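Just so it is clear, none of the values below were taken in a lab; they were calculated from the coordinates. This one's a predicted model, so the numbers in the text were calculated from it and none came from an experiment. Please note: Cβ atoms are built from the backbone with ideal geometry, for glycine as well, and neighbour counts cover all protein chains shown.
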Amino acid sequence: MTPDGRYLVVRGRLWRRANPALDEACRARLMRELMAARRDKGAAMRRGDAAAREAARARVDAAKHALGERGPVWWDDGAPDLNRRLARNTPYAEWFARLPKGRGERS
């Protein structure tokens, strides 16, 4: 996790975290919906059901927006959204370079 708690680092890429201001019950409900939608998307893809796949994709997107992982940022200090950018190409580059190998999969 970045020092400010906004992103996780996966294979060197920043991924926006869920809004920490969400209460635990709400976050848990949204995570259950997200996981169910992902399972439904996979099942629809295995069945070759394009309509069900698109419906499940929309549910994934809605859950991610509600969690704060997509859409407008949940912080209010004016910092830009660096979601999905390589950590080494962001203001987090110096911090990322200091991580031990394997932490955030630094390469």
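Side notes on the structure shown:
- Residues that are hydrophobic (A, V, I, L, M, F, W, C) and surrounded by fewer than 16 Cβ atoms within 10 Å (Cβ to Cβ), drawn from region 87-105: Ala93, Trp95, Ala97, Leu99
Per-residue answers, yes or no, for (1) surrounded by 14 or more Cβ atoms within 10 Å (Cβ to Cβ); (2) within 13 Å of the chain's Cα centre (by Cα):
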site: Arg13; (1), (2): yes, yes
site: Asn19; (1), (2): yes, yes
site: Glu24; (1), (2): no, no
site: Glu33; (1), (2): yes, no
site: Ala37; (1), (2): yes, no
site: Ala43; (1), (2): no, no
site: Gly48; (1), (2): no, no
site: Ala52; (1), (2): yes, no
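Matching residues to (1) more than 16 Å from Val10 (Cα to Cα); (2) assigned to a helix (DSSP H, G or I); (3) in contact with a His (Cβ under 7 Å, 6 or more places away or on another chain):
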residue: Ala36; (1), (2), (3): yes, yes, no
residue: Ala52; (1), (2), (3): yes, yes, no
residue: Arg57; (1), (2), (3): yes, yes, no
residue: Ala66; (1), (2), (3): yes, yes, no
residue: Gly71; (1), (2), (3): yes, no, yes
residue: Asp76; (1), (2), (3): yes, no, no
residue: Asp81; (1), (2), (3): yes, no, no
residue: Phe96; (1), (2), (3): no, yes, no
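- Entry remark, region 13-35: residues being out of contact with any Lys or Arg (no Cβ under 8 Å at 6 or more places or on another chain) and hydrophobic (A, V, I, L, M, F, W, C) number 8 in total.
- Members of region 83-94 found to be more than 30 Å from Arg39 (Cβ to Cβ) and in a helix (DSSP H, G or I), listed by number: Arg88, Asn89, Ala93, Glu94
- For beta carbons closer than 9 Å, sequence separation of 6+ or different chains, a first residue in region 61-79 that is closer than 15 Å to Leu34 by Cα and a second that is part of a loop (DSSP other than H, G, I, E, B) and among the aromatic types (Phe, Trp, Tyr), the qualifying pairs are Gly68/Trp74.
- Within region 44-60, the set of residues being more than 22 Å from Arg29 (Cβ to Cβ) and touching a residue at least 12 places away in the same chain (Cβ under 8 Å) comprises Ala44, Ala52, Arg53.
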